[in-house]
């Protein structure tokens, strides 16, 4: 079954309904040890949310975006520029969600797909792969943002990606960058965010990624050992999922 409901009403109080759009699966060795993409978000989002997982690779959303209090889009080993049918179907649904004003958080592939869905461009980063723990810097516009305004000016974050949101949609507000990636985070309208970094990653998951990727990293001329040594906890990046949860709960209240 493509849809899995993880919560329900408690004590007669309806929880905000949030759908997690699962856009792929992690490496088998990592999935065996830590679970899949959706499990990491389920652990990090608030228990007070009514969470449903939909594998959009297998089936597109059957519901209208307006039926949800919030939407989260996971990362993926797929590439947005391949324009797979399931991805394009999801992009159209995302566009409807933004137009309906549904709060949305896209992560990595979800970040790139959000940009693509709204008229931006997602494709391979001209400098190749970025992976490991790196510093994200907030821009001035982040100070007044409902989520990023509560984060420090700089913080470590876990990343692994070959593609990026090369061009943001018209009207997007750029919130954060890094030395490698000029579009680490953006917002469209009042309630839709995209982040290139992975707030759902733990440092253990990041190390596992580098371990699996090590032969490819060496082949690409990257220092796999130095990247592994550079992994550190990223609590401020992870806090983004708490802040998004709180944002949804406040809106419900």
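The values are calculated or read from the model by the stated rules, or taken from the named source; none is laboratory data. Nothing here was measured: the structure is a model prediction, and the numbers come from that model. We place every Cβ from the backbone using ideal geometry, glycine too, and count neighbours over all the protein chains shown.
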Inset, instruction - Name the residue, out of 82, 140, 123, that is touching a helix residue (DSSP H, G or I) at 6+ places or on another chain (Cβ under 6 Å) and either over 23 Å from residue 50 (Cα atoms) or surrounded by 14 or more Cβ atoms within 10 Å (Cβ to Cβ) (or both). - result: 123
Inset, instruction - Might you let me know whether the range 75-85 holds any residue that is within 18 Å of the chain's Cα centre (by Cα) and free of Cβ contacts under 8 Å to residues at least 40 places away in the same chain? - result: no
Inset, instruction - Determine whether residue 96 is touching a residue at least 12 places away in the same chain (Cβ under 8 Å), in a loop (DSSP other than H, G, I, E, B) and more than 15 Å from residue 174 (Cα to Cα). - result: no
Legend entry - Every residue from the range 166-185 that is in contact (Cβ under 8 Å) with a residue 40 or more places away in the chain, more than 14 Å from residue 135 (Cβ to Cβ) and in a strand (DSSP E or B): 166, 167
Inset, instruction - Could you check how many residues of the range 99-119 are surrounded by fewer than 21 Cβ atoms within 10 Å (Cβ to Cβ) and without any contact (Cβ under 8 Å) to a residue 60 or more places away in the chain? - result: 3
Inset, instruction - All but one of (1) part of a loop (DSSP other than H, G, I, E, B); (2) touching a helix residue (DSSP H, G or I) at 6+ places or on another chain (Cβ under 6 Å); (3) surrounded by 15 or more Cβ atoms within 10 Å (Cβ to Cβ) hold for residue 205, so report the exception by its number. - result: (1)
Legend entry - Test result for residue 156, touching a residue at least 60 places away in the same chain (Cβ under 8 Å) and either crowded, with 18+ Cβ neighbours inside 10 Å or not in a loop (DSSP other than H, G, I, E, B) (or both): yes
Inset, instruction - Take residue 122 and decide whether it is in contact with a strand residue (DSSP E or B) (Cβ under 9 Å, 6 or more places away or on another chain) and either modelled with pLDDT under 95 or within 24 Å of residue 220 (Cβ to Cβ) (or both). - result: yes
Inset, instruction - Tell me which residues, restricted to the range 69-93, are assigned to a loop (DSSP other than H, G, I, E, B), over 25 Å from residue 206 (Cβ atoms) and in contact with a strand residue (DSSP E or B) (Cβ under 6 Å, 6 or more places away or on another chain). - result: 69
Inset, instruction - Take the range 3-38 and flag every residue that is modelled with pLDDT of 95 or more and over 22 Å from residue 62 (Cα atoms). - result: 26, 27, 28, 29, 30, 31, 32, 33, 34, 35, 36
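What number of residues in the range 222-249 are under 30 Å from residue 71 (Cα atoms) and in a helix (DSSP H, G or I)?
Number satisfying all stated conditions: 15.
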Inset, instruction - Would you be able to tell me the number of residues in the range 210-237 that are surrounded by 19 or more Cβ atoms within 10 Å (Cβ to Cβ) and either closer than 30 Å to residue 102 by Cα or out of contact with any helix residue (DSSP H, G or I) (no Cβ under 9 Å at 6 or more places or on another chain) (or both)? - result: 2
